[in-house]
Amino acid sequence: MDQLLKDVERISSLEIQGASNVSVSAIDFLSQYAQRIDCVDMEKWITKMQEAKRILERSRVTEPAMRNGLNYIMNKIEKSKNELDVKEIPAIIEVLKNEYKAMFQASKKKIAEIGARRIPDMETDDDFIVMTHCHSSAVSAILLEAKKQGKDNFKVINTETQPRLQGRKTANKLLSAGIEVIHVVDSAMRWAVNHFKVDLIIVGADSITSEGTVLNKIGTRLLALVAHEEHVPFYVASQLLKYNPDTTLGILEKIEMREPKEIWDYKHKNLTILNPAFETISRRYIDGLITEAGIFASSHVPTYFAKLYPDLIN
């Protein structure tokens, strides 16, 4: 358990960042923990695994992709536990872990192919301007795929993303592929949309609810409101694996509050520093959700999720 707690700290301390990396790391840590359990009683073994799963889930509250990965493994084990020997399970979990990773990567590849079609192959001197916020591996995959397809007449505006500057990761990825990037501070997003006449906005997602509400990095709602005001198409690129099935039962997705010292390491009796990591974006501001199942209204997520991933429905 001590090693698991150290692994969890790597997630909660943001040493491991990004929904994709967090989900993959969490199922890796669960698999490694399973190999360390010294227990021959199946029920006790399952109890230990469920406790490890809960500890991992608490490491980051706004990470349904992680919870779905952990549920994928434990649901499969629970359904077949009467047919298994405890000694066999660690090897089976390793297989299930790799299955989930493969699902995640395949979904991202499909999103890249579908999303890249939203960027036109222009033969004029005018640049097509795409804007994004923070860092999303799905959004980056779309832009890199468009470049790979030979679409050279587009530029990307991205925000620095305070307080941890994840936008720099996006900029570096795109620059290394030869894509021209315009980097702005978060508070300049409205100015950038107006000044550069942005044609398309694509952001990522950390969570999607049953009502089609998206949770993403703080500042995303501001960009969605700007898009609505300026009539710029606003899309969210996300794997369906970031859907939170519990929201169909009335459970609200939580907003993670991070350490105040990320913003300012200063203390005063009259000073309160708040550091919300995410915020909600209503479906009314989302023109379409770009997923591995296609592009559709975000409110349709529960239907497509159940169709593609029935093993994740409890």
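Coordinate-derived values only; no laboratory data. Just so it is clear, the structure is predicted and the values come from calculations on it, not from any experiment. With ideal geometry, Cβ positions are generated from the backbone for all residues, glycine too; neighbour counts draw on all protein chains shown.
Taking amide hydrogens as placed 1.01 Å from N in the peptide plane, the amide H of Ser207 sits under 5 Å from those of Leu215, each at least 5 positions away in sequence or on another chain. DSSP assigns beta bridges within the chain; of those with both partners inside it, close to 35 percent run antiparallel. The ranking of Lys87, Lys254, Lys97 by Cβ neighbour count inside 10 Å, starting from the fewest, reads Lys87, Lys254, Lys97. Taking amide H as placed 1.01 Å from N in the peptide plane, the amide H of Phe128 sits under 5 Å from that of Phe154, Lys155, each at least 5 places away or on another chain.
When a/c is below 1.5 the answer is rounded, else prolate if a/b is larger than b/c, else oblate, so apply that to segment 2-108 with a ≥ b ≥ c taken from the square roots of the Cα gyration tensor eigenvalues. Here segment 2-108 falls in the oblate category.
Cα centroid separation, segment 1-57 to segment 99-149: 32 Å.
I'd like the distance between the alpha-carbon centres of segment 236-280 and segment 215-235, rounded to an integer number of Å. Value for the Cα centre distance between the two parts: 18 Å.
How big is D, in µm² s⁻¹, for segment 235-278 by Stokes-Einstein at 25 °C and 0.890 mPa s if Rh is the Kirkwood radius over C-alpha pairs? The estimated diffusion coefficient comes to 181 µm²/s. In the distance distribution for the chain, Cα-Cα pairs more than 25 Å apart total 52 percent.
Once you've got the GNM for the chain with C-alpha springs shorter than 10 Å, pick whichever of Leu143, Leu215, Leu252 has the biggest mean-square fluctuation. Looking only at Leu143, Leu215, Leu252, the largest GNM fluctuation is found for Leu252. With the helix formula -39500 (n - 2.57) applied to DSSP H stretches of n ≥ 4, the chain reaches a computed 222 nm mean residue ellipticity of -14500 deg cm²/dmol.
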